[in-house]
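Colleague: Submitted below is the structure of interest, expressed as structure tokens.
The values are calculated or read from the model by the stated rules, or taken from the named source; none is laboratory data. This structure is a prediction, so every number in the text was calculated from the model and none was measured. Glycine also receives a Cβ, built like all others from the backbone with ideal geometry; neighbour counts cover every protein chain displayed. Side chains included, ligands, DNA and RNA excluded: accessible areas come from the protein's heavy atoms. Shrake-Rupley method; radii C 1.70, N 1.55, O 1.52, S 1.80 Å.
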Amino acid sequence: MRGRWIERWDPEDEEFWRDGGERVARRNLHVSVLCEHIGFSVWSLWSVMVLFMGPEYGVDPAGKFFLIALATLVGAAVRVPYSFAVARFGGRNWTVVSALLLLAPTGAAYAVMEPGTSYTVFLLVAALTGIGGGNFASSMTNINAFYPLRAKGWALGLNAGGGNIGVPVVQSVGLLVIATAGAAHPKLVLGVYLPLIVVAAVCAALFMDNLAPVRGDRGALGEAARAPHTWLLAFLYTGTFGSFIGYGFAFGLVLQAQFGRTPLQAASLTFAGPLLGSLVRPAGGALADRLGGAKVTLWTFVAMAAATGVVVQASVTGSFAVFLTGFSALFVLSGIGNGSVYKMIPVVFTAQAHRAGLTGEAAAAYGRRLSGAAMGLIGAVGAAGGLGVNLAFRQSFGASGSGTAAFAAFLACYAACLAVTWAVYLRRPAGGATEAAPAPATGPAAESLRASGV
């Protein structure tokens, strides 16, 4: 694919941005949201398929949790190579290819989703759906390169939120099928997505662009991997996105296993939490643009710890209404935190450039380069947090028939994330700024950096 290549791209130049840069960036953002949305839906397929798997499938709750966990694991792993495919092939070109690749797991699930299929085959197909999780990394890396620092929180939040909403949308499709055709027809869900995948790939081919300045930078991965902030931010993203995707995949099973809900009852509630979390992610990014990513992230973890305490209490007492309220709050808060943590990534690396003595466009270019590389690693670790959530649920339900122990572990995780956010990105030691704060500098990038609050 030769593709369409843009040779010069300088979003920090306000004149360049006004004279067409913003229009091009928005066009690419809109199509990116569509393609990432379909990718998330495919990645989430098994959170829906397990609701169709009645006794005739011969799979117990622990086995269903493992199917979901396996899809999560593969989705986390492929995020690393996917994020660097943008530099190798171009954002437009890779978006087309990655969209078409979604036909493989969707078609495979369509072929095997029926009683009598062996559990091993289900495991293989569930693992294949993990490639849908990789689309997030390449999409975020691509859009990060299109937008200036001052607008990254909103743009990345919108891109990610539009993708995240693929989780509740596929769950809503599953609810519609169960409510109308019954739990014996899971292939109807898969039949909806096969043509949508083709539509997404065609839209990417027609309306997206490749950025030549992003291509071929193979050293950024090593630099990002050696940067301590990459792994600190990955830990914070594990607390936010790991919660969102882990809860989103497991929520329906938790309702069935702990509160005895039927597939229809579970499906009627499963989509609501991920929907709320997806819708508020852009708001979390915009709030971080205004108040500072670290501040928003800190208070998000405070609230997540409080909401988890409510869920633990409801789990112990068996109060379904309180449990549902607390769990819904966790979805909303994880969505806000997803947006604020991703806003922190380019800000932190641009700050590092300022500390190294770079200014102006040089600092902004360094921030784009390193943050784009770091996003793949951070996204992979965050998605692996979803694997941890599902494995914790599997262990907790297998040992006691309840998710209480898992929620207690999540509470400890949020406390640790809160401590790291405060200690590294907000604490002001005497006579100095935080490690992430820039040295005095001038220019639009520096002004955006100071306004971000990190």
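Colleague: Go through (1) under 16 Å from the mean Cα position of the chain (by Cα); (2) over 25 Å from Trp43 (Cβ atoms); (3) of a type in the set (Val, Ile, Thr) and name the single condition Val280 misses.
Modeller: Condition (2) is where Val280 drops out.
Colleague: Name the residue, out of Thr120, Thr141, Thr72, that is of a type in the set (Ser, Thr, Tyr), under 24 Å from Met49 (Cβ atoms) and within 14 Å of the chain's Cα centre (by Cα).
Modeller: Thr72
Colleague: Can I ask one more? Looking for something under 20 Å from Leu158 (Cα atoms) and aromatic (Phe, Trp, Tyr) - is there at least one such residue anywhere in segment 43-59?
Modeller: Yes, there is a match, as at least one residue in segment 43-59 is under 20 Å from Leu158 (Cα atoms) and aromatic (Phe, Trp, Tyr).
Colleague: Do the conditions hold for Pro55, that is, is it more than 22 Å from the chain's Cα centre (by Cα) and open to solvent by less than 10 Å² (accessible area, probe 1.4 Å)?
Modeller: No; evaluated as a whole, the condition is false for this residue.
Colleague: Filter segment 355-372 down to the residues that are surrounded by fewer than 22 Cβ atoms within 10 Å (Cβ to Cβ) and out of contact with any Asp or Glu (no Cβ under 9 Å at 6 or more places or on another chain) and list them by number.
Modeller: Listed by number, the residues that qualify are Ala356, Gly357, Leu358, Thr359, Ala362, Tyr366.
Colleague: Moving on. Residue under question is Ser328, and the condition is that it be hydroxyl-bearing (Ser, Thr, Tyr), open to solvent by less than 10 Å² (accessible area, probe 1.4 Å), modelled with pLDDT of 90 or more and touching a helix residue (DSSP H, G or I) at 6+ places or on another chain (Cβ under 6 Å); does it hold?
Modeller: Against the criterion (hydroxyl-bearing (Ser, Thr, Tyr), open to solvent by less than 10 Å² (accessible area, probe 1.4 Å), modelled with pLDDT of 90 or more and touching a helix residue (DSSP H, G or I) at 6+ places or on another chain (Cβ under 6 Å)), Ser328 does not qualify.
Colleague: Another one. Within segment 385-397, can you find the residues that are of a type in the set (Gly, Ala, Ser), surrounded by fewer than 23 Cβ atoms within 10 Å (Cβ to Cβ) and over 17 Å from Leu255 (Cβ atoms)?
Modeller: The answer is Gly388, and nothing else.
Colleague: What's the number of the only condition in (1) out of contact with any helix residue (DSSP H, G or I) (no Cβ under 8 Å at 6 or more places or on another chain); (2) modelled with pLDDT of 90 or more; (3) more than 15 Å from Ile38 (Cβ to Cβ) that Pro195 fails to meet?
Modeller: Checking Pro195 against (1) out of contact with any helix residue (DSSP H, G or I) (no Cβ under 8 Å at 6 or more places or on another chain); (2) modelled with pLDDT of 90 or more; (3) more than 15 Å from Ile38 (Cβ to Cβ), the one that fails is (3).
Colleague: Sticking with this structure for a sec: Looking only at segment 101-128, which residues are surrounded by fewer than 19 Cβ atoms within 10 Å (Cβ to Cβ), more than 30 Å from Ser32 (Cβ to Cβ) and not aliphatic (A, V, I, L, M)?
Modeller: Glu114, Pro115, Gly116, Thr117, Ser118, Tyr119, Thr120
Colleague: Restricting to segment 398-431, name every residue that is of a type outside the set (A, V, I, L, M), open to solvent by 60 Å² or more (accessible area, probe 1.4 Å) and in a helix (DSSP H, G or I).
Modeller: Within segment 398-431, Gly398, Ser400, Trp422 qualify.
Colleague: Does Tyr247 count as over 15 Å from Ser328 (Cβ atoms), under 21 Å from the mean Cα position of the chain (by Cα), part of a helix (DSSP H, G or I) and not aliphatic (A, V, I, L, M)?
Modeller: no
Colleague: Determine which member of the set Ser83, Ser44, Ser98 is in contact with a helix residue (DSSP H, G or I) (Cβ under 7 Å, 6 or more places away or on another chain), crowded, with 18+ Cβ neighbours inside 10 Å, within 15 Å of Gly252 (Cβ to Cβ) and not aliphatic (A, V, I, L, M).
Modeller: Being in contact with a helix residue (DSSP H, G or I) (Cβ under 7 Å, 6 or more places away or on another chain), crowded, with 18+ Cβ neighbours inside 10 Å, within 15 Å of Gly252 (Cβ to Cβ) and not aliphatic (A, V, I, L, M) holds for just one of Ser83, Ser44, Ser98, which is Ser44.
Colleague: Quick one: how many residues across segment 1-32 are touching a residue at least 60 places away in the same chain (Cβ under 8 Å), part of a helix (DSSP H, G or I) and open to solvent by less than 30 Å² (accessible area, probe 1.4 Å)?
Modeller: The qualifying residues number 7.
Colleague: Criterion first (under 25 Å from the mean Cα position of the chain (by Cα), at pLDDT 95 or above and closer than 24 Å to Ala184 by Cα) does Val48 satisfy it?
Modeller: Taking the combined requirement at face value, the residue does not satisfy it.
Colleague: Next question. Any residue at all in segment 307-315 that is open to solvent by 40 Å² or more (accessible area, probe 1.4 Å) and part of a helix (DSSP H, G or I)? Lay out the reasoning, then the answer.
Modeller: Within segment 307-315, the subset open to solvent by 40 Å² or more (accessible area, probe 1.4 Å) is 310, 313.
Going one step further and asking which of them are part of a helix (DSSP H, G or I), we end up with 310, 313.
So far as segment 307-315 goes, yes, one or more of its residues are open to solvent by 40 Å² or more (accessible area, probe 1.4 Å) and part of a helix (DSSP H, G or I).
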